[in-house]
Amino acid sequence: MRILVQPETSPWELRARMPGDKSLSHRALFLGAMAEGESVLTGLSESRDVRTTLRCLRALGARVRREGSGWVVSGWGRLCPSEPEQVLDCGGSGTTLRLLAGVLAAGRGLSVLTGDSSLRRRPMARVVQPLSAMGARVWGRGEGRLAPLVLQQGSLHALEWELPVPSAQVKSCLLLAGLQAGVPVALREPLPSRDHTERMLQALGVPLEQTGLDVRLTAPANLGGFSFAVPGDPSAAAFLVAAAVMNPGARVRIEGVSLNPGRLGFCELLRRMGAQVRWAVTHEELGEPVGWIEACGSELRGVEVQADEVPAALDELPLLAVVATRAWGRTQIRGAGELRHKECDRIHHLVVELRRMGACIREQAEGFEVEGPVRLRGAAVRCHGDHRLEMSLAVAALSAAGPTRLLGAGYSHVSFPEFWDLLPGRR
């Protein structure tokens, strides 16, 4: 698909609610499937990745039905998930595959997890190794480094594990494995990563302790059915916030969005750049702080992003590089090598495409270096099958001189189906 984006030259204002947070939606479905009784979920993300999780959990015996604007999940409770009749296709969702690996490590029979070509290139040793150390019978292509993964019924025991890189997906995989198997799990990360799973488990009464970089599932627990109104997705909100701060006279207010501290790294970095961005918590949902974010057109300056700031803003760092094209001075982003292992190599491809638009940006081994400000110009750019790259380039196009053609677009539905309806400008 080709999408033509016309720059927005007049001041604009937008008030919006984001779709349900993708990370929270995945986890709510998993925990609902593992719970005893019915769980009622409202505001669930309609993204392709979340629909993939829903389909896989149904194949494992969870009953999921739509009721009005919400979903009701009837889980397998104290039982294990059923042996799937077919290979479980996780599409392009790394969250789906890695969390499923944790649940199925304590499952029945034999399970095979695969995905599309991008997912089959992503690193899986980070879950295969600790699951194997936990007693799981798990194998993967390339000596366990790549999907497809095969898991066969085994007996899990307690695990103590130090993660080599911070990863909320790996952490969640191992916690769900321990929860499903009823064994203790103790984990340590080198840097903090998202803690959605920990917050939800604690809110549901699971005996889980957090101290600094350590998290410990201390005892077996049975989940009961629960209700959860999924907050809006801050990673989706980031694109509208970025569009606002890059365009003089623009203003945006996002309501009902997750304000988990581990998800505010992008907004914190924008503040350091001088952006007028503010937010406030209004209430909590299952341990998650929820509130609003406001932003408006701002004078920006370059910043240095250090490795310890990366986990809280990893998915938004290509977008930050786009914003940096409007900032005075140099912006340096380091320690973001994980971006090379997403749906595409987001470091390389973002640099190539922004250069087509006239950006002064250099590719580095683990990040970007951007000199600004530069007035971008409209051009023909490619999206490389990556939803976040597509949306980042669309935000760049909104403040460019002249129209921009996005070639190979149509992937925003993977995480933000409403993106093109909400983004200002003419198409």
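Structural remarks
- Neighbours by Cβ (under 6 Å, 6+ apart or cross-chain): first from segment 119-140, in the same structural domain as ALA181 (by TED's automatic domain parsing); second modelled with pLDDT of 95 or more and among the basic types (Lys, Arg): ALA125/ARG145; VAL127/ARG98
- Of all residues in segment 87-111, exactly one satisfies the criterion of being out of contact with any Pro (no Cβ under 6 Å at 6 or more places or on another chain), assigned to a strand (DSSP E or B) and touching a residue at least 40 places away in the same chain (Cβ under 8 Å), namely LEU110.
- Matching option when the condition is in contact with a helix residue (DSSP H, G or I) (Cβ under 6 Å, 6 or more places away or on another chain), of a type outside the set (A, V, I, L, M, F, W, C) and buried (at least 24 other Cβ atoms within 10 Å of the Cβ), among ARG98, ARG48, ARG122: ARG98
- For segment 262-276, the condition of being assigned to a loop (DSSP other than H, G, I, E, B), among the polar types (S, T, N, Q) and out of contact with any Phe, Trp or Tyr (no Cβ under 8 Å at 6 or more places or on another chain) holds for none of the residues.
- CYS56 passes every criterion in (1) surrounded by 18 or more Cβ atoms within 10 Å (Cβ to Cβ); (2) in the same structural domain as ILE293 (by TED's automatic domain parsing); (3) not polar (S, T, N, Q) apart from (2).
- Residue ID - surrounded by the most Cβ atoms within 10 Å (Cβ to Cβ), chosen from residues in segment 63-85 that are out of contact with any strand residue (DSSP E or B) (no Cβ under 6 Å at 6 or more places or on another chain) and closer than 25 Å to PRO220 by Cβ: GLY75
- Qualifying residue in segment 318-333 (condition: under 13 Å from PRO234 (Cβ atoms) and either of a type in the set (Lys, Arg) or not assigned by TED's automatic domain parsing to the domain that holds LEU44 (or both)): yes
- Sole residue being surrounded by 17 or more Cβ atoms within 10 Å (Cβ to Cβ) and either outside the structural domain of ALA147 (by TED's automatic domain parsing) or among the acidic types (Asp, Glu) (or both), chosen from ASP89, ASP116: ASP89
- For segment 299-324, the candidate set comprises residues that are at pLDDT 95 or above and among the small types (Gly, Ala, Ser); within that set, the residue that is farthest from the chain's Cα centre (by Cα) is GLY302.
- Residue satisfying condition, being among the small types (Gly, Ala, Ser), buried (at least 21 other Cβ atoms within 10 Å of the Cβ) and within 17 Å of ARG388 (Cβ to Cβ), within set ALA321, ALA327, ALA244: ALA321
- Test: residue in segment 241-248 that is of a type outside the set (Lys, Arg), part of a loop (DSSP other than H, G, I, E, B) and over 21 Å from the mean Cα position of the chain (by Cα): yes
- The set of residues in segment 1-16 that are crowded, with 17+ Cβ neighbours inside 10 Å, within 25 Å of the chain's Cα centre (by Cα) and not small (Gly, Ala, Ser) contains only ILE3.
- Of the residues making up segment 25-65, those that are in contact (Cβ under 8 Å) with a residue 60 or more places away in the chain and among the charged types (D, E, K, R) are ARG27, GLU36, GLU38, GLU46, ARG48, ASP49.
- Of the numbered criteria (1) without any contact (Cβ under 8 Å) to a residue 60 or more places away in the chain; (2) in a loop (DSSP other than H, G, I, E, B), the one PRO311 fails is (1).
The values are calculated or read from the model by the stated rules, or taken from the named source; none is laboratory data. Since this is a predicted model, take the numbers as computed values, not measurements. FYI the Cβ positions are ideal-geometry reconstructions off the backbone, even for glycines, and counts take in every protein chain you see.
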